[in-house]
Amino acid sequence: MDVAENLHRIRQNIEQACKNSNRNPDEITIIAVTKYVTIDRTEEAIHAGIKNLGENRLEGFLEKHEYIQDRASWHFIGTLQSRKVKEVVGKVDAIHSLDRMSLAKEINKRAAKPVDCFVQVNVSGEETKHGLAPDETLPFIKELKEFENIRVAGLMTMAPHIDDENRLRGIFRQLASLRENVKAEQLDYAPCDGLSMGMSNDYQIAVEEGATHIRIGTDLVGS
């Protein structure tokens with residue numbers, strides 16, 4: 001499976017999804033989720049034109065970051081333990097899994113400058129998923145005002161791995177609606193322009209519903 005061919009196909013699918021929803025494909029950031037693949041495969045993704053890499057495990061992230069450094073923008077997309085923050089901050093361009101105050105405090109303490117964070121929302125309500133409940137999201141973001149090193153770049157959710165398109169659309173729309181509520185507050189530290197949602201099985205639907213950052217692993221770099 002050739003990463004460049006996969007990327008070409010994914011970009012075509014994004015273009016079609018953007019046509020369907022009157023959007024500009026330039027608004028979409030493709031994050032290659034490289035957690036299951038080797039450094040060589042990750043290198044292949046960079047050569048194919050991927051500029052953003054996503055890792056969800058600290059060990060895999062540190063190993064790849066040491067080799068690739070700043071030849072890509074790094075997104076930490078997994079659950080981040082507070083005690084591990086010091087190993088991530090300063091190396092990543094964005095954290096997609098801010099979901100509790102203890103983590104916010106640690107990021108703020110360890111960062112030398114504001115860190116782009118996506119607040120993780122458990123829209124589907126699945127017990128296996130991390131994230132804030134939708135009705136907790138805005139109050140949580142308002143509480144972040146005291147942290148000068150946290151910038152709320154957007155919201156993130158993980159949809160269930162299902163084929164029910166209507167349910168998926170409903171989840172993505174709910175996150176998009178939540179984002180509008182946050183934006184309406186006009187908080188300096190929370191522009192909240194981003195929507196990190198959509199993975200290999202549902203990214204086209206996510207794009208049609210407003211995703212700005214899609215996290216693609218299997219479909220792009222394999223497993």
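Summed over segment 40-77, the residues that are surrounded by fewer than 18 Cβ atoms within 10 Å (Cβ to Cβ) and in a loop (DSSP other than H, G, I, E, B) give a count of 3.
Return yes when residue 82 is touching a residue at least 24 places away in the same chain (Cβ under 8 Å) and farther than 16 Å from residue 156 by Cβ and no when it is not. Answer is yes for this residue.
Whether a residue is basic (Lys, Arg), at pLDDT 95 or above and either assigned to a loop (DSSP other than H, G, I, E, B) or within 17 Å of residue 78 (Cβ to Cβ) (or both) was assessed, and residue 169 does not pass this test. When the residues of segment 81-106 are filtered to those that are part of a loop (DSSP other than H, G, I, E, B) and touching a helix residue (DSSP H, G or I) at 6+ places or on another chain (Cβ under 6 Å), the one that is surrounded by the most Cβ atoms within 10 Å (Cβ to Cβ) is 89.
Candidates are the residues of segment 111-160 that are hydroxyl-bearing (Ser, Thr, Tyr) and surrounded by 15 or more Cβ atoms within 10 Å (Cβ to Cβ); the one that is nearest to residue 195 (Cα to Cα) is 157. If the condition is being modelled with pLDDT of 95 or more and not in a helix (DSSP H, G or I), then segment 1-33 contributes 21, 22, 23, 24, 28, 29, 30, 31, 32, 33.
The values are calculated or read from the model by the stated rules, or taken from the named source; none is laboratory data. Being a predicted model, the structure only gives us computed values, none of them experimental. Cβ sites come from the backbone with ideal geometry, for glycine too, and all protein chains shown count toward neighbours.
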